[in-house]
Amino acid sequence: MDSIEDRTQHVILETDRLRFATWRRDDWTEFQKLATDPLVVRYLGTGEPWSDARVQEFVNRQCENWEKFGICLWKLLPKDNDTLIGICGLQHLPEGPDVEIGWWLAPSCWGKGFATEAARHALAYGFDVNHLERIVAIAQSANRDSLRVMEKIGMRFEREAVHKGIRVVLYAVTHETFQTLKGKGGDGA
């Protein structure tokens with residue numbers, strides 16, 4: 001386990017219950033547990049558990065995205081320990097100029113509001129720190145839980161799309177809409 005001093009220097013955001021931390025390249029072994037869980041990956045791409053090589057490539061890409069762009073899909077950790085319970089953050093979509101918010105959670109963390117809590121803070125980071133004007137989210141239409149999170153954080157359906165050969169729905173929220181919801185004590189962070 002990291003010392004508090006070491007752990008804290010990698011923490012980017014905190015909520016009441018969660019910490020968002022940057023990646024180290026050797027984090028892939030811990031992330032592998034999530035990326036090979038059939039329940040976690042069932043709505044990701046083809047739904048197949050990830051190979052070690054794909055897990056390593058993902059973690060390396062998050063390290064590079066953080067260094068280059070100041071955004072990534074951060075590690076989600078509970079406030080009281082260093083157990084990886086999921087990921088949440090921002091990344092550039094390969095098909096165009098959009099920045100996507102995304103999240104995954106370990107099944108033991110489902111139904112507790114963690115995805116919504118994390119996503120609200122990641123949106124706020126994207127708008128307030130990275131000065132983005134618009135953030136999108138994509139999901140397979142069968143992934144009703146993620147669609148509900150998108151709606152809870154103020155995103156609205158925009159269109160159907162194809163992402164990496166898979167049909168998805170694309171939701172979006174603008175900075176202006178997010179700020180309005182935030183000001184009303186609604187879906188903003």
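The values are calculated or read from the model by the stated rules, or taken from the named source; none is laboratory data. Please read all numbers here as calculations on a predicted model, not as lab measurements. Note: ideal-geometry Cβ built from the backbone for every residue, glycine included; neighbour counts use all protein chains shown. What goes into the accessible areas is simple: the full protein's heavy atoms, side chains included, and nothing from ligands, DNA or RNA. Shrake-Rupley method; radii C 1.70, N 1.55, O 1.52, S 1.80 Å.
Per-residue answers, yes or no, for (1) in contact (Cβ under 8 Å) with a residue 60 or more places away in the chain; (2) within 23 Å of Gly126 (Cα to Cα); (3) surrounded by 13 or more Cβ atoms within 10 Å (Cβ to Cβ); (4) touching an Asp or Glu at 6+ places or on another chain (Cβ under 9 Å):
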{"residue": "Ala35", "(1), (2), (3), (4)": "no, no, yes, no"}
{"residue": "Thr46", "(1), (2), (3), (4)": "yes, no, no, no"}
{"residue": "Gln62", "(1), (2), (3), (4)": "no, yes, yes, yes"}
{"residue": "Asn65", "(1), (2), (3), (4)": "no, yes, yes, no"}
{"residue": "Phe114", "(1), (2), (3), (4)": "yes, yes, yes, no"}
Residue in region 69-80 that is most open to solvent (accessible area, probe 1.4 Å), counting only those that are in a loop (DSSP other than H, G, I, E, B) and touching a residue at least 40 places away in the same chain (Cβ under 8 Å): Lys79
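A quick yes/no check of all residues on (1) in contact with a strand residue (DSSP E or B) (Cβ under 6 Å, 6 or more places away or on another chain); (2) surrounded by 18 or more Cβ atoms within 10 Å (Cβ to Cβ); (3) modelled with pLDDT of 90 or more:
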| residue | (1), (2), (3) |
| --- | --- |
| Gly165 | no, no, no |
| His175 | no, no, yes |
| Thr180 | no, no, no |
| Gly188 | no, yes, no |
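Taking the stated definitions as given, is Leu170 farther than 23 Å from Gly45 by Cβ and under 16 Å from the mean Cα position of the chain (by Cα)? If you could, list the steps in order and put the result at the bottom.
On the way: farther than 23 Å from Gly45 by Cβ: no; under 16 Å from the mean Cα position of the chain (by Cα): yes.
Here the answer is no, as Leu170 does not meet what is asked.
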Consider Asp80 against the criteria (1) more than 18 Å from Asp16 (Cβ to Cβ); (2) over 18 Å from the mean Cα position of the chain (by Cα); (3) of a type in the set (Asp, Glu): it satisfies all of them except one. Which criterion is unmet? (1)
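Yes or no, residue by residue, for (1) touching a Gly at 6+ places or on another chain (Cβ under 8 Å); (2) aromatic (Phe, Trp, Tyr); (3) crowded, with 18+ Cβ neighbours inside 10 Å; (4) over 17 Å from Thr15 (Cβ atoms):
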site	(1), (2), (3), (4)
Arg120	yes, no, yes, no
Phe127	no, yes, yes, no
Arg134	no, no, no, yes
Ala139	no, no, yes, yes
Asp145	no, no, no, yes
Glu151	no, no, no, yes
Met155	no, no, yes, yes
Ala161	no, no, no, yes
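Going by the conditions given, is Asn81 at pLDDT below 95, more than 17 Å from Lys164 (Cβ to Cβ) and not charged (D, E, K, R)? It would help to see each step written out before you state the result.
Working: at pLDDT below 95: yes; more than 17 Å from Lys164 (Cβ to Cβ): yes; not charged (D, E, K, R): yes.
When the stated conditions are applied, Asn81 passes them.
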